[in-house]
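Have a look at the structure below before the remarks.
Quick note: the coordinates plus some simple rules give every number you see, no bench work behind them. Everything quoted here is computed from the prediction, not taken from an experiment. Because the Cβ atoms are built from the backbone with ideal geometry, glycine has one as well, and the counts that use them run over all protein chains shown.
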Amino acid sequence: MAMPFEPWQLAQLQRLASIDRPRCVAAIESLFDADPALYEALVILATDQRTLSLEEAAERLCATVADVEVRLQAFRSQELAEEGLVTLDGPTKTARLANGAIAVWEIVREYRRVGSVELLETSFPGLSRAEVSAALRYARAQPEEINLQIARYEEAMERRKVVYPSA
């Protein structure tokens, strides 16, 4: 008979682990036997929260650090996609808010300019706090992509200033 998970159960399992560690270890091993992918998911979650380093995660998963980085990026991309707030624009593969109007790199560029989420929200008054947060989380998960897009934009603006100095 399956019982629903209740928040108090986790706290009591932690307490039981301090009282009867062998019993908890056996229960966790049974859980991992029933769902082998669960262990990897927990390791990746812990790495995402910086509870485990990349090296520690690689050791636990019998993988390379590069493999763990790939799994971590996949997890972060999946997490953002599940939120439904950030999507990849079809032909350009540019990350945009789900409404499609604003590219993530534009939000990040402005955030770097103004320096706070509160000021960023005044720059983009039509965005919700959740949308702003999702854009910033995406940028943290994909810094190279976002930095490249910002650099391309800034280079184009510099070229434009050369051609149209009074603009």
Q: Using the Cα centre as the reference, give the magnitude of the dipole from point charges on the C-beta atoms of the chain (Lys, Arg: +1; Asp, Glu: -1; all else neutral), rounded to the nearest 20 debye.
A: 600
Q) At Ala63 and Ile19, where each label point lies 7 Å from the Cα along Cα→Cβ, what is the point-to-point distance in nanometres? A) 3.6
Q: Please list the radius of gyration and Dmax for the stretch 24-83, considering alpha-carbon atoms only, with Å as the unit.
A: 12.2, 35
Q. Rg to Rh for the chain: what is it, with Cα atoms only and Rh by Kirkwood?
A. 1.12
Q | Neighbour-count ranking [beta-carbon atoms within 10 angstrom, fewest first] of Glu144, Glu118 | A | Glu144, Glu118
Q) So how far, in whole Å, is the C-alpha centre of the stretch 1-79 from the one of the stretch 120-167? A) 36
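Regarding the stretch 84-167, what is the average projected area of its C-alpha convex hull, in nm²?
Working: hull surface 25.1 nm².
Across all orientations, the stretch 84-167 yields a mean hull projection of 6.3 nm².
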Q: Based on other C-beta atoms within 10 Å, arrange Trp105, Trp8 from fewest to most.
A: Trp8, Trp105
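Would you compute, from DSSP H runs of 4+ residues alone, the mean residue ellipticity of the chain at 222 nm, taking -39500 (n - 2.57) per run and dividing by the full residue count, rounded to the nearest 500?
-22500 deg cm²/dmol
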(Q) For the chain, what does the relative contact order come out to in percent, with C-alpha contacts under 8 Å and a separation of six or more? (A) 13
